[in-house]
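One structure below.
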There are 2 protein chains.
Amino acid sequence: MSSPRTTLPPARPPTLRDVAREAGVHPATASRALNPETRSLVNAETVSRVVRIAETLGYRPNPIARSLKTQRSATVGLVIPDLTNPLFPPIVRGIEDVLGPAGYNAWVVNTDNDPAREESQVEALRSRQVEGLIVATARLEHPLLDRLHTQGVRMVLINRRTGNGAIPSVTPDDAAGIAEAVEHLVGLGHTRIAHLAGPQNTSTGVVRERAFRQALRDHRLDDDPALVAECPAWSEDEGAAALRRLLDSGATFTAVLAGNDLLALGCYDVFRERGITCPDDISVVGFNDMPYLDKLQPPLTSVHIPHYEVGAEAARMLLDGLRDPSRHARSVLLPLSLSVRASTAVPHP
Amino acid sequence: MSSPRTTLPPARPPTLRDVAREAGVHPATASRALNPETRSLVNAETVSRVVRIAETLGYRPNPIARSLKTQRSATVGLVIPDLTNPLFPPIVRGIEDVLGPAGYNAWVVNTDNDPAREESQVEALRSRQVEGLIVATARLEHPLLDRLHTQGVRMVLINRRTGNGAIPSVTPDDAAGIAEAVEHLVGLGHTRIAHLAGPQNTSTGVVRERAFRQALRDHRLDDDPALVAECPAWSEDEGAAALRRLLDSGATFTAVLAGNDLLALGCYDVFRERGITCPDDISVVGFNDMPYLDKLQPPLTSVHIPHYEVGAEAARMLLDGLRDPSRHARSVLLPLSLSVRASTAVPHP
DNA sequence: CCGGGTGCCGCAATCGATTGCGACAGCGGC
DNA sequence: GCCGCTGTCGCAATCGATTGCGGCACCCGG
């Protein structure tokens with residue numbers, strides 16, 4: 001078999017000048033004819049001739065040259081903690097499905113929740129001339145994001161927010177989700193419900209905890225601080241550790257509302273290690289409704305977040321802002337629903 | 001609070017000319033001083049002056065302008081079926097962790113296993129001037145990939161290969177993995193083992209099936225065609241359907257070796273619907289070792305693939321090829337290991 | 001018959017960096 | 001004292017597309 005490297009002379013792809021020469025016009029005219037925005041400046045039959053030639057030549061505008069001149073890269077940056085967290089892939093797809101048809105693409109970077117890495121990754125994105133940012137790593141105190149915002153960098157926060165409410169965001173309606181979960185548990189007859197709270201430096205962590213306490217009070221239940229354990233990270237290990245602390249404290253409870261699914265998975269580990277059966281001894285509710293939760297034993301009841309929609313909506317908002325900078329930034333809350341499975345049941349006293 | 005849009009005049013970032021003017025040299029000299037490759041052409045103290053000025057100005061070379069001139073985009077395309085398949089995120093991270101330090105980035109596109117979408121996505125990548133491709137969607141017959149290869153497009157296949165062995169690839173050593181899985185089952189005492197084969201238009205599908213039969217013969221077991229069911233897609237549903245066909249056929253077997261984890265998950269559904277207990281009645285082995293398999297009930301025994309390494313190695317190979325086009329392309333097989341969990345046990349006759 | 005529009009298109013600069021080529025100074029060798 | 005070499009650096013073209021400006025026909029009204 002012949003090597004593919006020897007088949008053809010490089011045969012560089014056709015440029016605008018090639019099209020112009022072939023069509024007998026100046027490159028400027030060809031450019032205007034090919035661009036829908038400026039097409040009206042060119043005689044109709046010249047347009048069709050240029051377009052036809054461009055097609056037969058297989059002309060594709062060079063986005064790099066275009067970007068250099070127009071200062072627009074048709075690119076946005078996506079900053080997430082870790083792509084291997086199953087939460088994010090659907091969000092990424094939502095973003096790309098909106099960006100793509102608009103001619104935009106996204107660069108994805110992972111920060112691993114390391115602020116230093118975050119800073120350098122964002123720097124890399126900016127040097128790549130991204131036009132805007134979608135950020136999923138917000139913490140309540142977040143100097144980097146504040147700085148970017150005051151510098152006028154276009155961005156949309158997803159999932160979590162900063163303490164600075166001025167930055168537009170797309171987040172699930174955490175409070176409503178928690179309320180629904182508590183409602184479900186109370187409806188089953190639970191009165192002593194524990195909460196595995198997420199990191200208190202994230203908006204989701206504090207909002208969900210606050211909503212949890214509020215929901216208890218709404219149901220006239222005791223808002224007992226001893227039933228809330230804080231997890232320093234959104235991980236299985238921390239979830240397991242928190243549940244162990246709760247169990248060892250001697251507190252009594254028949255249900256656990258975990259701040260997210262990973263924390264709930266940690267509970268499963270503890271159940272196994274201590275011979276606790278779920279949901280007979282303790283019910284568990286997660287948050288996020290990651291994929292494959294229905295394959296667990298027992299299948300995990302979880303608050304469902306429209307991940308794909310979160311991404312899609314964030315991308316739409318960012319594009320809106322890019323296209324019309326005067327447009328007033330908004331923040332939206334997406335509605336949630338509870339996916340009831342077999343990890344929750346009537347308490348056995 | 002003051003609007004961030006009114007704080008500063010645009011204050012465009014410093015360009016090479018700014019650095020040059022400040023340092024009292026020609027832009028050409030500044031360029032050479034800043035580029036390690038050409039630095040030796042410039043007087044040492046001029047270099048240090050330029051470098052110092054560049055730093056104080058916070059100069060960042062504009063990659064778009066650089067790409068335009070050098071014809072290199074420092075960008076590669078990654079073509080996968082679907083990012084939400086948990087198989088891929090670790091691969092993507094492996095790729096990015098190798099690409100990043102080399103100054104490269106990856107564009108990720110999803111094809112949803114749709115050849116038309118694949119074609120348009122690849123076209124989009126090429127118009128974005130990617131220097132090479134990493135492709136995870138190979139089928140045995142794959143005209144698009146053959147065409148790209150003969151056009152001299154640099155690429156590396158991962159996970160799966162085409163029938164055309166000339167294209168470099170990084171794949172798990174499927175045959176060895178299957179052999180190890182069969183070894184494990186035979187060691188437990190199983191003699192009637194069924195196989196859920198993947199789509200026969202993919203290399204993984206056929207290689208794993210062939211390896212399965214070979215392994216049986218190696219153990220002097222009956223290579224019974226009635227114990228192999230083909231699945232037209234790598235999905236839970238198809239796995240479930242195939243197992244039902246096997247069970248309904250009246251064939252007897254005490255273990256199932258699934259072509260991948262999703263097919264194995266389908267088995268779990270069938271077990272539940274027919275009251276079969278695993279592993280007491282039937283043992284199951286998966287392939288890929290996706291995340292969270294240990295949380296299933298029972299935790300799934302699976303052939304572990306070093307996903308991250310697959311991505312990292314593919315990225316390294318691609319970079320090698322880009323840097324030295326004369327370098328002979330190679331294909332590598334990555335070693336596998338079996339993650340034994342609780343879905344496999346001694347058969348109960 | 002002339003002035004002022006309007007429509008269409010070309011000229012050339014521009015985006016920011018890279019690079020082949022040539023200029024020039026200084027130096028050593030013969 | 002002249003030649004040529006080496007080390008440094010500047011000039012200007014270049015990558016491919018976009019766009020402000022101006023020119024040229026042509027048309028219409030007066």
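If you go through the range A:156-164 one residue at a time, do you hit one that is facing another protein chain (nearest Cβ under 10 Å) and in contact (Cβ under 8 Å) with a residue 12 or more places away in the chain? Yes, the range A:156-164 contains a residue that is facing another protein chain (nearest Cβ under 10 Å) and in contact (Cβ under 8 Å) with a residue 12 or more places away in the chain.
To keep it simple, each residue is scored yes or no on (1) among the acidic types (D, E); (2) under 14 Å from the mean Cα position of the chain (by Cα); (3) over 19 Å from A:V92 (Cβ atoms).
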position: B:A102; (1), (2), (3): no, no, yes
position: B:L125; (1), (2), (3): no, no, no
position: B:H142; (1), (2), (3): no, no, yes
position: B:L157; (1), (2), (3): no, yes, yes
position: B:S169; (1), (2), (3): no, yes, yes
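Every test in (1) in contact with a helix residue (DSSP H, G or I) (Cβ under 6 Å, 6 or more places away or on another chain); (2) surrounded by fewer than 24 Cβ atoms within 10 Å (Cβ to Cβ); (3) in contact (Cβ under 8 Å) with a residue 12 or more places away in the chain; (4) not polar (S, T, N, Q) is passed by A:L262 save one, and that test is (2). Is the range B:272-287 home to any residue that is modelled with pLDDT of 95 or more and closer than 30 Å to B:R154 by Cβ? Yes - at least one qualifying residue is present in the range B:272-287. Residues that are at the interface with chain B (Cβ under 10 Å from one of its Cβ atoms) and in contact with a Ser or Thr (Cβ under 6 Å, 6 or more places away or on another chain) were ranked within the range A:53-92; the one that is nearest to A:H26 (Cα to Cα) is A:R60.
Can you pull out the residues in the range A:228-239 that are in a helix (DSSP H, G or I) and surrounded by 21 or more Cβ atoms within 10 Å (Cβ to Cβ)? Of everything in the range A:228-239, those that are in a helix (DSSP H, G or I) and surrounded by 21 or more Cβ atoms within 10 Å (Cβ to Cβ) turn out to be A:E238, A:G239. So, in the range B:52-90, of the ones that are small (G, A, S) and without any contact (Cβ under 8 Å) to a residue 60 or more places away in the chain, which residue ends up farthest from DNA strand C (Cβ to nearest atom)? The extreme case among them is B:G77. The set of residues in the range B:45-84 that are within 16 Å of DNA strand D (Cβ to nearest atom) and closer than 30 Å to B:P291 by Cβ contains only B:T75.
Taking the stated definitions as given, is A:D280 touching a residue at least 12 places away in the same chain (Cβ under 8 Å), buried (at least 23 other Cβ atoms within 10 Å of the Cβ) and of a type in the set (D, E)? Taking the combined requirement at face value, the residue does not satisfy it. Counting only strands (runs of 3 or more DSSP E) wholly contained in the range B:151-204, the ones carrying 1 or more residues that are among the charged types (D, E, K, R) occupy B:154-158. Whether a residue is more than 25 Å from B:R323 (Cβ to Cβ) and either within 16 Å of DNA strand D (Cβ to nearest atom) or within 16 Å of the chain's Cα centre (by Cα) (or both) was assessed, and B:L87 passes this test. Pairs meeting the criteria (first residue in the range A:223-252 and over 18 Å from A:E273 (Cβ atoms), second residue hydroxyl-bearing (S, T, Y) and assigned to a helix (DSSP H, G or I), beta carbons under 9 Å, at least 6 apart or on different chains) are A:W234/A:T204.
Among the residues of the range B:290-344, not one is under 13 Å from the mean Cα position of the chain (by Cα) and free of Cβ contacts under 8 Å to residues at least 24 places away in the same chain.
The values are calculated or read from the model by the stated rules, or taken from the named source; none is laboratory data. Because the structure is predicted, anything quoted here is derived from the model rather than measured. Ideal geometry is used to build each Cβ from the backbone, glycine not excepted, and the neighbour counts take in all protein chains shown.
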